[in-house]
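Report on one structure; see the data block that follows.
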Amino acid sequence: MIFRANLRIILQLAVGAVAFTTLIVGVVTHLVVPTLPWAACFALGAIVSPPDAVAAKAVLKGLPLPPRVTTLLEGESLVNDATGLVLFKFAIAAGLTGVFSAGAAVGNFLVLALGGIASGLAFGYAVSFLLGRLRESHLTIVASFLAAWASYMLGDLLHVSGVLATVSAGLLMGWRQHDVVPAQTRIQAVAVWSVVVFALESLVFVFIGLSLRGVLSRLSASGVGIASLAPDIAYITGAMVVARFLWIFPAVYVPRLVSPGLRRRDPYPPVAVPIVMSWAGMRGVVSLAVALSVPVGFPGRDFMVATTLAVILISILVQGTTLVPLIHALHLSKFVLKRRAILSEAEARVEIARAALAAMKQYSTDADGVDRHPRLVEQYSRRAEMAARFVDTQGQHADKRADHYSAILIANRSARNEVLSLHRAGKIHDSVLHSLEAELDLEEISAQRSMTRPKLE
């Protein structure tokens with residue numbers, strides 16, 4: 001599991017970087033706004049410290065990044081919300097009560113984090129067990145939606161981290177769904193979830209705009225204009241960005257410097273890696289939701305919300321839009337970062353084809369040695385041979401492969417036209433049309449994916 005293989009670095013970012021950014025932003029905020037209490041300053045630091053999962057996926061989608069860098073950034077954004085929320089909770093409690101204990105805060109953090117992980121894993125296992133026994137695809141998909149909300153509510157009910165409970169449950173369910181969810185259900189679920197995720201991500205940014213209008217109206221009514229806040233917001237945003245650089249560079253190189261074993265297993269990455277990872281910390285909906293949850297009447301609430309909104313907009317519009325030029329300028333897309341020997345897609349296809357061929361030969365051969373399915377054995381042997389040849393020739397026959405699947409698509413379109421002609425002429429029933437069309441759809445999708453398959457790494 002890629003997430004588990006990179007857990008050390010993900011936790012360095014999700015816990016260490018968030019806590020360090022909270023500290024730096026809190027100190028800088030108090031320096032530029034001395035009238036703001038320390039608790040409010042650190043609450044603001046906790047609000048803006050964690051990069052957001054939605055913003056990360058929206059910005060990172062399609063970027064020419066090495067797979068491991070994408071894994072680290074997306075993995076960090078899944079876990080770091082829990083750190084930021086716990087730190088925010090402590091800061092708000094200190095501001096309201098005037099009492100803060102570092103020892104109690106660390107103890108509570110461990111209880112919230114470990115409890116959230118444990119409850120999420122238990123819930124995820126239970127839901128996976130249930131999904132494996134559902135036979136209706138629609139029920140399975142609905143259950144997967146309900147599981148996301150239920151895992152968070154369970155964590156909240158147990159007074160542990162609901163965010164970590166949801167993430168843990170999702171990771172476990174994602175790990176087990178390959179075994180318990182049928183192929184047809186999985187195809188439908190991916191289609192449904194992709195539409196829902198797109199709609200929710202779009203609504204997130206609409207919500208950011210609507211919230212900004214209300215905050216600016218209240219600030220204007222109190223005699224504070226956005227122009228007067230701009231310098232303070234600029235300092236705080238700069239502190240947030242610089243803090244991430246100050247944490248990531250030592251976190252990348254110092255452990256390898258002091259540990260020869262780690263250096264051998266995971267060599268020094270090029271300097272482009274920490275630069276891009278530091279610059280890729282976009283903030284989003286979680287920071288906004290947390291800022292809006294600050295109690296009414298809390299010192300500096302409107303300033304905190306306005307600053308959070310500004311930070312989100314700056315990080316997405318500035319950092320997000322400059323990531324691609326930065327990646328190209330640093331030539332990061334050319335690097336292949338590996339912690340362990342990982343097969344490329346083409347190499348994995350060789351292993352899959354060999355396993356399928358071995359299973360076919362075993363099933364096809366009778367006890368007396370007679371081959372019951374020689375044509376199938378020949379077909380699977382051909383697949384294994386072509387997959388191995390593609391790897392051996394370093395993908396030099398990619399053009400021939402593209403032409404091969406182009407021919408399949410031409411035949412597919414002809415067959416599709418014939419099916420439609422038969423249906424419109426009244427020669428086949430609607431149910432027959434849908435059945436044949438589903439088969440042609442799968443064939444077309446398979447051919448299109450094979451044509452656009454990435455080159456051998």
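Laboratory data are not the source of any read-out in this text; all were calculated from the coordinates shown. Remember, predicted model here, so these are calculated numbers, not experimental data. Every residue, glycine among them, receives a Cβ derived from its backbone with ideal geometry; neighbour counts consider all protein chains shown.
Based on C-alpha pairs under 8 angstrom that are at least 6 apart in sequence, the stretch 142-192 has a relative contact order of 24 percent. The distance separating the Cα centre of the stretch 1-41 from that of the stretch 342-405 comes to 50 Å.
Kindly identify the stretch 71-188 as rounded, prolate or oblate by the Cα gyration tensor criterion: order the square roots of the eigenvalues as a ≥ b ≥ c, call it rounded if a/c is under 1.5, otherwise compare a/b with b/c, prolate if a/b is larger, else oblate. Don't skip to the answer; put the middle values down first.
On the way: a/c = 3.05, a/b = 2.53, b/c = 1.21.
In terms of gyration-tensor shape, prolate.
The lysine pair count for the chain, using Cα distances under 22 Å and pairs eight or more places apart or on different chains, is 8. Using only side-chain charges placed at the Cβ, +1 for Lys and Arg and -1 for Asp and Glu, the dipole size of the stretch 98-256 relative to its Cα centre rounds to 160 debye. Ranking ALA199, LEU332, GLN184 by Cα position along the charge dipole of the chain, where only Lys, Arg, Asp and Glu carry charges on their C-beta atoms, puts LEU332 farthest toward the positive end. Taking only the Cα atoms of the stretch 167-292, the radius of gyration and Dmax are 21.8, 61 Å.
Based on the convex hull around the alpha carbon atoms, the stretch 63-140 presents an average projected area of 9.0 nm².
Just subtract the alpha-carbon distance of HIS138 and SER406 from 0.36 nm times their residue separation and send over the number in nm, one decimal.
Values: separation 268, 0.36 × 268 = 96.48 nm, distance 3.41 nm.
Contour length minus Cα-Cα distance gives 93.1 nm.
For the listed peptides 80-90, 321-331, a ranking on the average number of other beta carbons within 10 Å per residue, highest first, reads 80-90, 321-331. Under the Kirkwood approximation applied to all pairs of distinct alpha-carbon atoms, what is the hydrodynamic radius of the chain in Å? That comes to 25.6 Å for the chain.
Its relative contact order, with pairs defined as Cα atoms under 8 Å and 6+ residues apart, puts the chain at 18 percent. Magnitude of the charge dipole for the chain, about its Cα centre and with charges confined to Cβ atoms of Lys, Arg (+1) and Asp, Glu (-1), is about 780 debye.
Annotation for LEU442 and ASN108: the two label points, set 7 Å from Cα along the Cα-Cβ direction, are 5.4 nm apart. Computed over the stretch 229-320, the quotient of the alpha carbon radius of gyration and 2.2 N^0.38 Å is 1.41.
Using just its DSSP H runs of length 4 or more, each adding -39500 (n - 2.57), the chain gives a mean residue ellipticity at 222 nm of -25500 deg cm²/dmol after division by all residues.
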